[in-house]
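What follows is a short report on a single structure.
The values are calculated or read from the model by the stated rules, or taken from the named source; none is laboratory data. Keep in mind that this is a model prediction, so the values were computed, not measured. Because the Cβ atoms are built from the backbone with ideal geometry, glycine has one as well, and the counts that use them run over all protein chains shown.
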Amino acid sequence: MPGLDDLYREIILDHYRSPRNRGELPPPATHAVGHNPLCGDEIEVYLDVRDGVVHDIKVGGQGCSISQSSASMMSQAVKGKTVDEVRALVHRFKSMMSIEELDDADASVEVKLGDLEALQGVVKFPVRIKCAVLSWNTLTEALSQATP
Ligand code: ZN
């Protein structure tokens, strides 16, 4: 991963080698699958939403270090958060990837990205942005099933 500095590369590799919240959840948890054919990445997201809170999340799939580490960091970041907080986090992450824009109201809300900041260097490699965003799109689909 040329261009990503050492600290960020370490965080990404740590999540790639030791993915968090790996596994499956039984129904009524919702389930979505996402593919990134450009890279061959696949992500599965299982989401247990109760009373407007992401009670639990599990992630499966395979692919490159960017796609898998992004999924691992995402699972860590959204677990225990309200649906509204998760939507704000998705928006913030996509704006970091230059896919969505933040307006002033968005920017005034504090959203902690934590380890996810390690992926900010990916924006310099447009072909890898799809890898980084795959799990977030899959999460959004699982979320919309859970909160129709
Ligand atoms: Zn990839």
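List of remarks:
- Residues satisfying the stated conditions in the stretch 132-148, i.e. closer than 19 Å to ASP41 by Cα and over 10 Å from the mean Cα position of the chain (by Cα): GLU141, ALA142
- Search result, residues across the stretch 66-84 that are over 17 Å from PRO126 (Cβ atoms), modelled with pLDDT of 95 or more and of a type outside the set (A, V, I, L, M, F, W, C): GLN68, SER69, SER72, SER75, GLN76, LYS79, GLY80, LYS81, THR82
- Filtering the stretch 86-103 to residues that are touching a residue at least 24 places away in the same chain (Cβ under 8 Å) and of a type outside the set (A, V, I, L, M, F, W, C) leaves ARG87, LYS94, SER98.
- Matching residues, the stretch 16-43, being at pLDDT 95 or above, touching a strand residue (DSSP E or B) at 6+ places or on another chain (Cβ under 9 Å) and more than 16 Å from the ligand (Cβ to nearest atom): ARG20, ASN21, ARG22, GLY23, GLU24, LEU25, PRO26, ALA29, THR30, HIS31, ALA32
- Yes/no for VAL127 being assigned to a helix (DSSP H, G or I) and at pLDDT 95 or above: no
- Residue in the stretch 104-114 that is within 16 Å of the ligand (Cβ to nearest atom), in contact (Cβ under 8 Å) with a residue 24 or more places away in the chain and not β-branched (Val, Ile, Thr) present: no
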